[in-house]
Amino acid sequence: MATRTKPFVVNRMPGFGSIALAMFVMLYLPIALLIVFSFNERESLAVWGGFSLKWYEAAWSNRDIKDAAFRSLWLAGAAATIATMAATLAAVATTRGRPFLGITAVYAVINVPLMVPEIVTAVALLIFFAWIKVATDYTGAAYLVAAHAAFCVPFAYLPIRARLESMDATLETAAADLYASPLQAFRRITLPLLWPGIMAGFMLAFVISLDDVVITDHIKSAGMETLPTYMLGQLRRSMSPEVNAVSAIFFLLSVMLVTLFFFLNRKK
């Protein structure tokens, strides 16, 4: 009589719980210490001197931090909007259109920024935009918006495409049977059902753009510091608890957006 083999379950493997716990501690303990020491009364980053909000007050009074934060927010908003629009059109074309030869190559091209090291993308964009700057003599913020939008497209594309693939096409077919044009069917049927996926893709692209350092550091012109590049510059000069306070706020904003992304994109 053949013996019944037990199914493989990874979380029942010996040591799985201990390894998982160690990984979570190494991942989140530094962040927890950063948040704790952002409330430190003393200027030391390692010695606790009492609870205080003075570093948050100092960050709020710092004009350079405000300018960098505002620039990061509008840059992330503009880049995420452009990336989400392009990702929505790409997702509709690849999931609702007729299959065609080379569609796999299209998927690969859209997801290239996810597979290529970010430093490679940054250097390539630097060379490309340098050629345009020489030809046009323009050195404005449009380069940052274009670079961030191009990099964020696959991050917006994935949740939008997942939402489309989980949607039943019966309503769209019924709209076509009732003589609705493809544009009318998209506007009245597909878009309202797709809206949670679009918002999830927008928020994911927004967070990716907001946190980006490598591409921004290569593309930005003089005087166009974003909050991540400003913080990196401050860390190179001196370690101040003021940077801890900004990092804690930055982390809280990212957590809020990712949490909202999770609730919008989860299955009912």
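We did not get these values from a lab; they are worked out from the coordinates using the rules stated. Quick caveat, the model's predicted, so the values are computed rather than measured. A quick note on method: Cβ atoms are made from the backbone with ideal geometry, for glycine too, and the neighbour counts reach across all protein chains shown.
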task: Place +1 on the Cβ of every Lys and Arg and -1 on the Cβ of every Asp and Glu in the chain, take the dipole about the Cα centre, and give the residue among Val120, Ala169, Trp60 whose Cα lies farthest towards its positive end.
output: Ala169
- line: For the chain, the longest principal axis of the Cα atoms and the Cα long axis of helix 142-166 enclose an angle in degrees, to the nearest 10, of 50
field: Difference of contour (0.36 nm per residue) and Cα-Cα distance, Thr139 to Leu53
entry: 27.1 nm
- request: Take peptides 167-178, 73-84, 189-200 and line them up by average Cβ neighbours within 10 Å, highest first, as a rough protection proxy.
  value: 73-84, 189-200, 167-178
Expected 222 nm ellipticity per residue - DSSP helices of 4 or more, -39500 (n - 2.57), all of the chain, to 500: -23500 deg cm²/dmol
- prompt: Between the range 193-258 and the range 26-59, how many Å separate their Cα centres?
  reply: 20
task: Compute the long axis of helix 241-265 from its Cα atoms, compare it with the longest principal axis of the Cα atoms of the chain, and write down the angle in degrees, 0 to 90, nearest 10.
output: 20
Between helix 118-136 and the chain: long-axis angle, C-alpha atoms, 0 to 90°, nearest 10: 90
field: Rg/Rh (Cα only; Kirkwood hydrodynamic radius) as it applies to the range 63-265
entry: 1.04
message: Give the aspartates and glutamates reachable from Lys54 as a straight Cα distance under 16 Å; neighbours fewer than 8 places away on the same chain don't count.
response: Glu41, Glu43, Glu242
Relative packing of 87-98, 241-252, which averages over residues the other C-beta atoms within 10 Å, highest first: 241-252, 87-98
- line: Length-normalised contact order of the chain, Cα under 8 Å, at least 6 apart, in percent, tallies to 30
